[in-house]
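Data block below; observations after.
The values are calculated or read from the model by the stated rules, or taken from the named source; none is laboratory data. Please read all numbers here as calculations on a predicted model, not as lab measurements. Heads up, the Cβs are rebuilt from the backbone with ideal geometry, glycines too, and the neighbour counts pull from every protein chain shown. Only protein heavy atoms, including side chains, enter the accessible area calculation; ligands, DNA and RNA are left aside. Shrake-Rupley method; radii C 1.70, N 1.55, O 1.52, S 1.80 Å.
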Amino acid sequence: AADGVWKFDYSTFDEYVEFGRRCGLGPHISCYTMCPWEYRVDYLDASGKTVYVKARPGTPVFDDYWHDFLVDFERHLREKGWLGDTFIAMDERTPEDLSYIVKFVRRVAPGFKVSMAGNRRPSEFKGISIDSYCQALRLVDEPFLAEVPARRKAGLITTCYVCCGPERPNTFMRSGAGEAFVLGFYPAACGMDGFLRWAYNSWGEDPMNDMSYNRWSSGDVALVYPDGSPSWRFLELKNGIQQAEKYNILKRAGKLDAALVALAAKYDLKAALSKKDGDFTALIRETKDLLNR
């Protein structure tokens, strides 16, 4: 505004969250991002003109741009009853950027949780507790998985994601039989809490006839279509997630312990990443035969 006071409109945000919840999505709300690519953000000035600024963490511009918004956004979410479900989310940021942002958020608006889709182990972000951490699938290894039990004990969430890569397993239009299923089941097999896929419905100009976009592989930007129909990749991913839920139920109940351990060992990520044919039919059949008894 002309007097220098920020004003915020949450109508679109509220409509989007309420729509998602009516559809059964949630309860988590991930709000991207306080640290966009090239640190470029914008706002409308008093005349309605869009102003672009570079708000790098640790600079006065960053503090000025985000401070009043976080305070007001926290207030709004508390009034809506959503604050406990909301995460300030970022992707693939450096430890230096993340450290400043997390400390800033927890000082200015301590009701928020923090989440990140990253490419390092959580322990590499020294002195920072990340409430929900999602690791790039290609970087899920034994040292990373070794950190998961302690995070779960502390009430923290740990997941994995695919985005643009790896070549397999993935959910591209060209992906082989069973790859999407493996992505849905793999996190349970290795003790993580879930899976993130970019993207669900980031459509291009004509997604009913062309699922390509820019330099990304066909199918990378969407799993469903504007008419509401799912892709076979989405259905296969859903099947893997459903089997993962059965696996977790049996594991918590202490049933089929030895068989579950043996099954989980067959979901070898290194082997999957190097697999030439992308065909996991036999493994999926074995998974279903065991869990659908």
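Quick look at the numbers
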{"read-out": "Failed criterion for ASP257 (all others in (1) without any contact (Cβ under 8 Å) to a residue 24 or more places away in the chain; (2) open to solvent by less than 70 Å² (accessible area, probe 1.4 Å); (3) farther than 25 Å from GLN135 by Cβ hold)", "value": "(2)"}
{"read-out": "From the options ALA199, ALA222, residue that is open to solvent by less than 40 Å² (accessible area, probe 1.4 Å) and in contact with a Phe, Trp or Tyr (Cβ under 7 Å, 6 or more places away or on another chain)", "value": "ALA222"}
{"read-out": "Count of segment 13-25 residues which are surrounded by fewer than 12 Cβ atoms within 10 Å (Cβ to Cβ) and either of a type in the set (Gly, Ala, Ser) or in contact with a helix residue (DSSP H, G or I) (Cβ under 8 Å, 6 or more places away or on another chain) (or both)", "value": "1"}
{"read-out": "Which listed residue, of ASP91, ASP42, is farther than 16 Å from PHE112 by Cβ, touching a strand residue (DSSP E or B) at 6+ places or on another chain (Cβ under 9 Å) and crowded, with 17+ Cβ neighbours inside 10 Å", "value": "ASP91"}
{"read-out": "Residue count for segment 11-51, restricted to those that are outside any helix (DSSP H, G or I) and more than 21 Å from PHE104 (Cβ to Cβ)", "value": "14"}
{"read-out": "Long-range neighbours under 7 Å by Cβ, at least six apart or interchain, first residue closer than 14 Å to GLY194 by Cβ within segment 144-158, second open to solvent by 40 Å² or more (accessible area, probe 1.4 Å) and of a type in the set (Asp, Glu)", "value": "ILE157/ASP193; THR158/ASP193"}
{"read-out": "Candidate set: segment 260-293, residues that are farther than 18 Å from PRO169 by Cα and at pLDDT below 95; chosen: the one most open to solvent (accessible area, probe 1.4 Å)", "value": "ARG293"}
{"read-out": "Answer from VAL17, VAL5, VAL41 - the residue that is of a type in the set (A, V, I, L, M), modelled with pLDDT under 95 and closer than 24 Å to ARG75 by Cβ", "value": "VAL5"}
{"read-out": "Residue that is aliphatic (A, V, I, L, M), touching a strand residue (DSSP E or B) at 6+ places or on another chain (Cβ under 7 Å) and in a helix (DSSP H, G or I), where the choices are VAL114, VAL102", "value": "VAL102"}
{"read-out": "Residue, nearest to LEU83 (Cα to Cα), within segment 125-135, restricted to residues that are modelled with pLDDT under 95 and not β-branched (Val, Ile, Thr)", "value": "SER129"}
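Conditions tested, residue by residue: (1) modelled with pLDDT of 95 or more; (2) in a strand (DSSP E or B); (3) buried (at least 16 other Cβ atoms within 10 Å of the Cβ); (4) in contact with a strand residue (DSSP E or B) (Cβ under 6 Å, 6 or more places away or on another chain).
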site	(1), (2), (3), (4)
PRO149	yes, no, no, no
THR158	yes, yes, yes, yes
PRO169	no, no, yes, no
MET173	no, no, no, no
GLY176	no, no, yes, no
PHE185	yes, no, yes, no
MET208	no, no, no, no
SER218	no, no, no, no
